[in-house]
1. Pairs needed: first member in segment 9-34, at positive phi and modelled with pLDDT under 85; second member anywhere, assigned to a helix (DSSP H, G or I) and loosely packed, with under 14 Cβ neighbours inside 10 Å; C-beta distance under 7 Å; at least 6 residues apart or different chains.
2. Determine if segment 222-240 includes at least one residue that is assigned to a loop (DSSP other than H, G, I, E, B), under 28 Å from residue 38 (Cβ atoms) and in contact (Cβ under 8 Å) with a residue 24 or more places away in the chain.
3. Would you mind finding the one in 202, 177, 182 that is within 23 Å of the chain's Cα centre (by Cα) and crowded, with 17+ Cβ neighbours inside 10 Å?
4. So which residues in segment 43-68 are without any contact (Cβ under 8 Å) to a residue 12 or more places away in the chain and over 13 Å from residue 20 (Cβ atoms)?
5. Which residues, taken from segment 38-74, are under 20 Å from residue 240 (Cβ atoms) and in contact with a helix residue (DSSP H, G or I) (Cβ under 7 Å, 6 or more places away or on another chain)?
6. Looking at (1) in a loop (DSSP other than H, G, I, E, B); (2) modelled with pLDDT under 95, find the lone condition where residue 115 falls short.
7. Out of (1) in contact with a helix residue (DSSP H, G or I) (Cβ under 7 Å, 6 or more places away or on another chain); (2) surrounded by fewer than 21 Cβ atoms within 10 Å (Cβ to Cβ); (3) modelled with pLDDT of 95 or more, the odd one out for residue 136 is which?
8. If you go through segment 224-241 one residue at a time, do you hit one that is under 16 Å from residue 131 (Cβ atoms) and surrounded by 15 or more Cβ atoms within 10 Å (Cβ to Cβ)?
């Protein structure tokens, strides 16, 4: 080995160590906000900072760095509790989104309800998400599975989308969504009711996936000490999802950024 080769190799080794230290620091900083974001999304999120430092790193090397420092996301055990109860006396609505091409915000929203564990008992989270922009436009947290939570989430969504928006409101066949109160409010707003036809999860897959994201990526599957603690965690998770989580189908933009860019272009 020549003297020149030795020193150039040593300098490259030192640069690599410095680069890895910065990469790890930026990854840990991003994970404080998005604790379970995958490697590709984290790399996209921190790429501007890496560029400022003159670091150009590919996804394969980035993955190796995460593996080296034990920063890869470990798969979590999944479990499910049924929150859907169908009332045979309530006639379900047809599935209006099954063959619909959704190509703009405010065209269709999907809804679902999920449970959150606390040592004081369950709380139930009602969610409503825009099926194109992927942002959570309405939500509510209640101590029970009554229709009031769904009504509150719907009112929040209506306020956020504005009076001109008349989307399809898609959901499962749960008795809360099929209730007269809920569908009367949809009629008042000028929204149309849509429901799954065969009680299959895939017919409301977007809403089901949203529940999984909030639980698996933002730890809403934890057992909280109090209901108030759970409510604060839910509020933080929804804000982070809307304003900080990158979506592959939105060209790695957050739902908030995507909605603004779409409305600006329109």
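1. none
2. Within segment 222-240, the first condition is being assigned to a loop (DSSP other than H, G, I, E, B), and the residues that meet it are 222-223, 225-226.
Filter again for under 28 Å from residue 38 (Cβ atoms), leaving 222-223.
Next, from what is left, pick out any that are in contact (Cβ under 8 Å) with a residue 24 or more places away in the chain: 222-223.
Yes, the conditions are met somewhere in segment 222-240.
3. Of the residues listed, the single one that is within 23 Å of the chain's Cα centre (by Cα) and crowded, with 17+ Cβ neighbours inside 10 Å is 177.
4. Step one: filter segment 43-68 for residues without any contact (Cβ under 8 Å) to a residue 12 or more places away in the chain, giving 47-48, 51-52, 54, 56, 58, 60-61, 64, 67.
47, 48, 51, 52, 54, 56, 58, 60, listed by residue number.
5. Correct list: 39, 40, 42, 43, 45, 46, 49, 71.
6. So the condition that residue 115 fails would be (1).
7. (2)
8. Yes, there is a match, as at least one residue in segment 224-241 is under 16 Å from residue 131 (Cβ atoms) and surrounded by 15 or more Cβ atoms within 10 Å (Cβ to Cβ).
The values are calculated or read from the model by the stated rules, or taken from the named source; none is laboratory data. Note that the structure is predicted; figures quoted are calculated from it, not measured. No Cβ is skipped: glycine too gets one built from the backbone with ideal geometry, and neighbour counts run over all protein chains shown.
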